[in-house]
Amino acid sequence: QGANLPIVFVSSNPIGINEFLKMGAEGSKKAAEKLGVPAKIFESSDPTTMRQNLEAAARAGATIIVVTGFEFDDILPEIAPKYPKQKFLQVDSCPSAPPSNVYCAAFREYETSFIAGAEAALTSEAGKVGVIGALDIPFIHRYTSAFVAGAKYVKPDIEVSAPVWIGGDNPFSDPARGQMRATVVFSDGADRVVTAAAASNGGVFKATQDFPGAAAFGVDVNECKTAPDAVMDNIEKRVDVAIEKRVDEIMKGTAEQRVELGLADDGMTLTSLKDGVAASGCLIAKYPDVIEKLRQIKADIISGKVVVQDPMAQN
Amino acid sequence: MSNFEIEAIDIRKTYGHLVANDGVTFRVGRGEVHALMGENGAGKSTLMSILYGIHQPDSGSVRLRGQATKLTTPSVAIANGIGMVHQHFKLFEPLTVWENVVFGSEPRKGGIIDARKAIEVVSSLGEQYGLNVDPRARVSQLPVGVRQRVEILKALYRGAQTLILDEPTAVLGPQERDGLFDVLRELRLDGRTIILVTHKINEVLDISERITVMRNGKVSGEMVTSAATADEIVSAMTGRSVRTVSRTKQAFGEVVLKVKGITVPSHGTKPLVDRVSFELRAGEIIGIAGVAGNGQTELIEAITGLRHDASGSIELAGADITGKPVRERREAGLTYIPEDRAATGTAIAASAQDNLLMGFHTRRDFSRHGLINSKAALHHAKALIARFGVKIASEETPVGTLSGGNLQKIVVAREIAKESLLLVAEQPTRGVDVGAIEYIHSRLLEESDRGRAILLVSSELSELFALSDRILVMYEGKAVAQIDRQEADEAILGSLMAGKVAA
Amino acid sequence: MTKRGFLAAAGGVPFAITLGLLLGACVVALSGENPLNAYLEMATGALAPVNLVDTLAWATPVAGMALAAAIPLRGGIVNLGGDGQLVIGGFSAAVVAVYVPGPPLLVTTAAILCACVLAGVYSAATVFGETRLRIPVLISSLLLSYPAIAATYYLAAFPLRDTTTGLAQTLAVPLDVRLSVLSGPVSTGSVLVLVVAILAVLAERFTTWGYELRMRGLNKRFAIYSGIEDEPQAIRAMFISGAIAGLVGAVIVLGSHYRFQNGALITPGYTWSGLMAALLSKGNPLFALLSGIFFAALQTGGFAMQRETQIPRVLSNILQSFIILFLAMRQGLVRRRTP
Amino acid sequence: MIFNMFTVGATVQAITPILLAALAASLCGRVGIFNIALEGQMLLGAFMAVVGSYFTGSAFLGVLIAMLSVVMFTSILAFGSTVFRGDSVIIGISMNLLAAGLTAYLLRQIFHVSGAFSDPGIVTLRKLRIPGIEHIPVIGWVLSRQTAITYLSWLLVAAVTFFLFRTATGLRLRGVGIDASAAESVGVRPDRYQISTVLFSGVLTGLAGAQLSLGTVGLFAEDMTAGRGWIAVVAVMLGRDHPLLSAIACVVFGVADAVSVQLQARGLPSQVSDAVPYVVTLLALAATSLRRTKRNRTRAALG
Ligand SMILES: Nc1ncnc2c1ncn2[C@@H]1O[C@H](COP(=O)(O)OP(=O)(O)OP(=O)(O)O)[C@@H](O)[C@H]1O
Ligand SMILES: Nc1ncnc2c1ncn2[C@@H]1O[C@H](COP(=O)(O)OP(=O)(O)OP(=O)(O)O)[C@@H](O)[C@H]1O
Ligand SMILES: [Mg+2]
Ligand SMILES: [Mg+2]
């Protein structure tokens, strides 16, 4: 293949507010750098522009076209066969019957969320945890439902506040609405809350300030530094790492078509389970004993001793 | 120093290709009532709006008390002691009388309006000139005559030395007009100058001292009233003599309109229209007289179907049309010249062709299977414009730019051309020049001769006398009398309209 | 429309667009990019033969929604409920297409008709709000969008969700029920919208219906006085408007997305682009259609410019808003130039 | 979960930006200009408040900078819809588009991030505690622990109402909106009043934006206004341009939103609960209209 053909990252939504998409773009850039080819970022806003961008990328003869999200499940199997010379990498989801030039990497978010839930129950003083999501959709249940399951796993009698969804015109970037909804959960007595709502998370973190002892769990990246004293830990999704790794495999020709990344391969992790917890800014740094317990649960999940249900599969 | 309060010298004003004022020189002496006359579209309103600073002349100059003055905005005109009462009132309807009067130069205490003082000033001004209005009333609830008083109060409050009134009597009944003239006389005694734009020759002869007549954008005559005759004025206006038409015919046909017990409820206790019944025959003209606000408008709305809350029964050519929508009434043979040509009778932003097509557009000659025949529509418009002598650039011109009288002709032309069984004509000659009045009157009589029934509402007693076979007088919603024209005279009608029971 | 009317309406358009482009060029230059290059990419991105289909695919919903806004606007009615009507159309088309058995062509037709009728009825219902309850259509149409969105989103998220995916969306429309592809992203749905658009433009210009609607828009009192019945006329206009929005929803679902997916019909802002096109054209359906296509080209070009030059898409949004702003002010600008 | 001092306080706080925006729109409506640019005005205000606060280290200066920049931005509507005779709706919608693009662009240029900018260096507005009343149930919950902007917003509702209906300038302003040509005929120049009023709406929406970013969450996120401007537009339509009625509509909406969260927690699907405030608004509108129509059932068909 031509040496200078780019790696193109096609997003499913405007990249702006979405840490997950930003990581996708970053990962693609890093992978391109390693290969010594340019990287291009095509931002889409809806299925129509996703399709446009995908076709444009294929027509431009990209080395590898990286896409992120479930949103491509329908489109990729349609377009990829038309461009057999191109290779496509879908991150975060796999089409049910991927064409031969499509590779994918899905994540087992629920495993890590499960541990985060356990962490919440172990650190909660109120004995009550809560969940906040941008929208009431199966994909977000992977965080919220698994979080509750994890809490119940370590403390069967833990109370759980009713789930709250941000909704509104702009669920993923409405911090003020996040703040208002988090206030409802915290004032209900929950003091540990997971929040899967992209840029709305900032509002949830802000709300902890009115409730001494309350803390939230971030998602995707380490959010502890953006909101000091508000974030207990984060359910990190290493999209960038996954992309770099998969691109490398594809170029070497060693790639399997579909993989699932989780705790075992560090595709998903908690900030507290990585090195440098002390410098992470996360509140969990103050609970070394809890971290030890979390490591144990992680080991149990990897070994299969503890089986975490995929909430999406339950639907 | 000259004796002229205002001099407009060699004014020229064009709108596109249309020359509205063509070298007009207009001089008004201090302390006089000066009448400005002319046909529709002669350029009177244009000249007045130049004097009030609304429009700037293309060339020419204005002198006030001998001083050359540039009237660039209404504020400048106001500051120079000029006040104007527009043909269409410039009032804020949702606001109160005092708010309207003081608007723009409010008595204030540190930015806050001194309402008490404003009300006081308005009341005392009113008392001084016999302009009685409740300062706290909302303008939207006032009859036109009172609104006009508010307009005059506005000008006086701003210290107007010269008062311009553009067709002030067009909307007034005889009593209201007399009231206005009393006020104007009062003002003249007070040393103020008055410019009166009007089409009514008897009024001019009655109140003015000097007359300027305009025609086609030029001054066509200047005269001293005491030395002028009606014929002179008319021929200066129209270039010919105008005869007044009058009714001759007597034989009527079938009953066309049968109205029984029409009642229109009001918010208060007294109904707006109270059990009115009458019959109108083919070839007959019934005139409805009454001081504005005595239920004439509501009665007409009930008959034409614009009002749904009326009870009683209405039959048109034997068919019961009570409660039927306007469309069905029109299909059954009703046409209607409404009182307000700009708000109801036309779509002023639409072309003359579109305005003249309304109501014809569903007829077979003008549309087939819902497709409009635009050639027929164009032809129709051209013919009506020619027949009624509408002064308009082309049939594509939006009618909003027409002078008041020409706009009226558009409505009259359209409704008369429908040749229906019943024509309801509400103030059909309001604001129309004498020549056009003659034309519209003779057309109405011609229609009647051809067997149409006509229901005529007019605030102009002379019009009622000239046209009606019978006159129905309304007072407080009731039809207090129906009298034959031969038996009616101004005195009888006047006392009936004032609520004094007929002898 | 007369020749003079056409010139008056088109007057200043090139001038306004030029001003918008100039100001946009300044912003592009300020951010360190080459404006000329950016515009070149934008133009080729929208108009080059390979990309023209993208423009057409995007123009279909925008022009459709422009028409949906323009028709009631011609009669002086502002329909702000396009989003709700779009969603009802898309959702009902998806449900019929997925669940109703039968010969494919018949199912497709039924899906489209169902979308048009349901969206049309929902839209027309706002008229009763105005005539019976005195709630202006402007408000009720906007507010009624929300329950429509709520109901369809709920149904797509729970009872009718495709449980094999992680999103809130219905099952995919069966292959043989989909609108056939003409070229790339352009389906027969675009043709359908075009045909409806042409019919609407012709109807507005040449029929008694169009004439009456125009007169109502210019003076409602005049229309009522002349015997045009207020309520039925408004209902007809709003029904047609809603039906066109429903058609757009159905065409997107059956010809492009192949599912009803929560959010996918609304986020691109077709309703608002369409409304702006209609307002810029003062409700004239032909101009609304043309403005809608112009907006679509602008937006498609913006995406292309972002792809080729890596100028962030937000910049192309800024540029678009400049052009629209100057278009909106064109009459004032032209008047100042030539008195 | 039930209403308590935290949820009531959060509701009052959530109402503030909508209230200020509605106030701005009702003033514009009074001079006859339909301000539909609220969303963009607020968004820019939210952004500039964060910029100001971050670089000056003062929340007060942040608010000031927000107001100034939004006033400058608002001159597009002020002059565009008067001097340049543009349609205020088109101008408003494109201003919203412009503000979204501009803030996202500046976010990258100034802070080199995209999406959201959250940093401890952003000095937020303090919540004022009023000693004494803080512990009174309900009243204390509503009146205490709010930012100065919230208190100011309610004072402004009173002040704007007083200004409109008691002062000379207020009267002229209303007159201009009722009939510009009537105002002009007595020498009051409509343009001037329209321009200054619309520009002033920039002050109010600038405050609204600052409250959203500095007063509520202490960060900026792209499109963080999330439809609040539209809610304000609806409130003003409901309140028929009356500042007090519009304020009441804002409160109804805010309370309905708070109730909808509670309903969600009690099992109402979130897709449905999201529509609750709008449906409540519509029903409230229908109920008041119904009462009004009953009162004047007798009226001519020609409105
Ligand atoms: N704004 C305008 N644009 C174009 N033409 C106008 C405008 N105003 C007036 N005209 C035209 O100028 C001419 C003079 O109009 P003007 O209103 O001064 O007549 P007028 O003497 O007051 O008539 P009337 O007795 O009917 O009120 C008319 O032909 C009218 O159509
Ligand atoms: N464009 C404007 N916006 C706001 N306020 C204005 C505007 N123009 C004028 N005003 C206010 O109106 C007041 C009076 O202005 P103006 O001189 O036009 O009125 P006036 O009726 O002549 O009153 P006075 O003679 O008592 O000054 C001024 O105090 C000024 O504050
Ligand atoms: Mg005149
Ligand atoms: Mg002064």
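Across region A:1-34, the qualifying residues are those that are of a type in the set (A, V, I, L, M) and within 12 Å of chain D (Cβ to nearest Cβ), and the one among them that is most open to solvent (accessible area, probe 1.4 Å) is A:17. Here residue B:484 meets each of (1) more than 30 Å from residue B:360 (Cα to Cα); (2) within 16 Å of ligand 1 (Cβ to nearest atom) with one exception, condition (2).
Residue by residue, here is whether (1) more than 7 Å from chain D (Cβ to nearest Cβ); (2) open to solvent by 30 Å² or more (accessible area, probe 1.4 Å); (3) under 30 Å from residue D:100 (Cα atoms); (4) not acidic (Asp, Glu) holds:
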{"site": "A:122", "(1), (2), (3), (4)": "yes, yes, no, yes"}
{"site": "A:130", "(1), (2), (3), (4)": "yes, no, no, yes"}
{"site": "A:134", "(1), (2), (3), (4)": "yes, no, yes, yes"}
{"site": "A:146", "(1), (2), (3), (4)": "yes, no, no, yes"}
{"site": "A:155", "(1), (2), (3), (4)": "yes, yes, no, yes"}
{"site": "A:159", "(1), (2), (3), (4)": "yes, yes, no, no"}
{"site": "A:164", "(1), (2), (3), (4)": "no, no, yes, yes"}
{"site": "A:173", "(1), (2), (3), (4)": "no, no, yes, yes"}
{"site": "A:190", "(1), (2), (3), (4)": "yes, no, no, yes"}
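Could you please let me know if residue A:37 is more than 27 Å from residue A:147 (Cα to Cα) and either within 11 Å of chain C (Cβ to nearest Cβ) or outside any loop (DSSP other than H, G, I, E, B) (or both)?
Numbers: more than 27 Å from residue A:147 (Cα to Cα): yes; either within 11 Å of chain C (Cβ to nearest Cβ) or outside any loop (DSSP other than H, G, I, E, B) (or both): no.
For residue A:37, the condition - more than 27 Å from residue A:147 (Cα to Cα) and either within 11 Å of chain C (Cβ to nearest Cβ) or outside any loop (DSSP other than H, G, I, E, B) (or both) - is not met.
Within region B:136-155, is there a residue that is in the same structural domain as residue B:32 (by TED's automatic domain parsing), within 16 Å of ligand 3 (Cβ to nearest atom) and surrounded by 15 or more Cβ atoms within 10 Å (Cβ to Cβ)? Checked region B:136-155: at least one residue is in the same structural domain as residue B:32 (by TED's automatic domain parsing), within 16 Å of ligand 3 (Cβ to nearest atom) and surrounded by 15 or more Cβ atoms within 10 Å (Cβ to Cβ). Answer with yes or no whether residue B:4 is within 16 Å of ligand 3 (Cβ to nearest atom) and over 24 Å from residue D:184 (Cα atoms). No; evaluated as a whole, the condition is false for this residue.
Among the numbered conditions (1) within 13 Å of ligand 1 (Cβ to nearest atom); (2) at pLDDT 95 or above, the only one that residue B:200 does not meet is (2).
In the set (1) in a loop (DSSP other than H, G, I, E, B); (2) surrounded by fewer than 18 Cβ atoms within 10 Å (Cβ to Cβ), the condition left unmet by residue B:283 is number (2). Do we find a residue being under 21 Å from residue B:288 (Cα atoms), within 16 Å of ligand 1 (Cβ to nearest atom) and either surrounded by fewer than 20 Cβ atoms within 10 Å (Cβ to Cβ) or more than 14 Å from chain C (Cβ to nearest Cβ) (or both) anywhere in region B:461-477? No, every residue in region B:461-477 fails to be under 21 Å from residue B:288 (Cα atoms), within 16 Å of ligand 1 (Cβ to nearest atom) and either surrounded by fewer than 20 Cβ atoms within 10 Å (Cβ to Cβ) or more than 14 Å from chain C (Cβ to nearest Cβ) (or both).
Every residue in region B:178-223 that is in a strand (DSSP E or B) and open to solvent by less than 10 Å² (accessible area, probe 1.4 Å), please. Working first, answer last.
Taking region B:178-223 as the starting set, the residues that turn out to be in a strand (DSSP E or B) are B:193-197, B:210-215, B:218-223.
Within region B:178-223, B:193, B:194, B:195, B:196, B:197, B:211, B:212, B:213, B:214 qualify.
Hey, could you check region B:327-347 for residues that are more than 7 Å from chain C (Cβ to nearest Cβ) and part of a loop (DSSP other than H, G, I, E, B) and say which is farthest from residue B:413 (Cα to Cα)? The residue in question is B:332. Here residue A:206 passes the criteria (1) part of a helix (DSSP H, G or I); (2) within 14 Å of chain D (Cβ to nearest Cβ); (3) open to solvent by less than 10 Å² (accessible area, probe 1.4 Å) except the one numbered (3).
Consider residue C:213 carefully, then state whether it is aliphatic (A, V, I, L, M) and either touching a strand residue (DSSP E or B) at 6+ places or on another chain (Cβ under 7 Å) or farther than 30 Å from residue C:134 by Cα (or both). Give the steps one after another, and end with the answer.
Values: aliphatic (A, V, I, L, M): yes; either touching a strand residue (DSSP E or B) at 6+ places or on another chain (Cβ under 7 Å) or farther than 30 Å from residue C:134 by Cα (or both): no.
Spelling it out, it is not the case that residue C:213 is aliphatic (A, V, I, L, M) and either touching a strand residue (DSSP E or B) at 6+ places or on another chain (Cβ under 7 Å) or farther than 30 Å from residue C:134 by Cα (or both).
Looking across region D:169-215, the residues that are among the hydrophobic types (A, V, I, L, M, F, W, C) and either more than 22 Å from the chain's Cα centre (by Cα) or modelled with pLDDT under 95 (or both) come down to D:171, D:176, D:178, D:180, D:182, D:183, D:186, D:188. Filtering region A:278-297 to residues that are of a type outside the set (S, T, N, Q) and free of Cβ contacts under 8 Å to residues at least 12 places away in the same chain leaves A:278, A:279, A:286, A:288, A:289, A:292.
Within region C:282-318, the residues that satisfy the criterion of being open to solvent by less than 10 Å² (accessible area, probe 1.4 Å) and under 30 Å from residue C:198 (Cα atoms) are C:283, C:285, C:288, C:292, C:295, C:296, C:300, C:301, C:302, C:303, C:304. Of the residues contained in region D:38-45, one or more are found to be in contact (Cβ under 8 Å) with a residue 60 or more places away in the chain, facing chain C (nearest Cβ under 10 Å) and crowded, with 21+ Cβ neighbours inside 10 Å. Just one residue in the set C:224, C:244 is open to solvent by less than 30 Å² (accessible area, probe 1.4 Å) and touching a residue at least 60 places away in the same chain (Cβ under 8 Å); that residue is C:244.
One residue alone among B:377, B:381, B:350, B:413 is buried (at least 21 other Cβ atoms within 10 Å of the Cβ), in contact with an Asp or Glu (Cβ under 6 Å, 6 or more places away or on another chain) and over 24 Å from residue B:289 (Cβ atoms), and that residue is B:381.
Does residue A:77 satisfy the criteria of being surrounded by fewer than 24 Cβ atoms within 10 Å (Cβ to Cβ) and not in a helix (DSSP H, G or I)? No.
Within region B:472-489, can one find any residue that is without any contact (Cβ under 8 Å) to a residue 24 or more places away in the chain, farther than 18 Å from residue B:246 by Cα and out of contact with any Cys (no Cβ under 6 Å at 6 or more places or on another chain)? Yes, there is a match, as at least one residue in region B:472-489 is without any contact (Cβ under 8 Å) to a residue 24 or more places away in the chain, farther than 18 Å from residue B:246 by Cα and out of contact with any Cys (no Cβ under 6 Å at 6 or more places or on another chain).
Among the listed residues B:8, B:35, identify the single one that is more than 16 Å from ligand 2 (Cβ to nearest atom), touching a Phe, Trp or Tyr at 6+ places or on another chain (Cβ under 6 Å), in a strand (DSSP E or B) and modelled with pLDDT of 95 or more.
Only one candidate qualifies: B:8.
Taking the stated definitions as given, is residue A:270 modelled with pLDDT of 90 or more, of a type in the set (A, V, I, L, M, F, W, C) and open to solvent by 10 Å² or more (accessible area, probe 1.4 Å)?
Values: modelled with pLDDT of 90 or more: yes; of a type in the set (A, V, I, L, M, F, W, C): yes; open to solvent by 10 Å² or more (accessible area, probe 1.4 Å): no.
For residue A:270, the condition - modelled with pLDDT of 90 or more, of a type in the set (A, V, I, L, M, F, W, C) and open to solvent by 10 Å² or more (accessible area, probe 1.4 Å) - is not met.
The residue that is farthest from ligand 1 (Cβ to nearest atom), counting only those in region B:71-111 that are of a type in the set (Asp, Glu) and open to solvent by less than 30 Å² (accessible area, probe 1.4 Å), is B:106.
The values are calculated or read from the model by the stated rules, or taken from the named source; none is laboratory data. Here the structure is a predicted model, which is why all the values come from computation and not from measurement. Here the Cβ is made from the backbone with ideal geometry for all residues, glycine too, and neighbour counts use every protein chain on show. Calculation scope for accessible area: heavy atoms of the full protein, side chains included, ligands and nucleic acids excluded. Shrake-Rupley method; radii C 1.70, N 1.55, O 1.52, S 1.80 Å.
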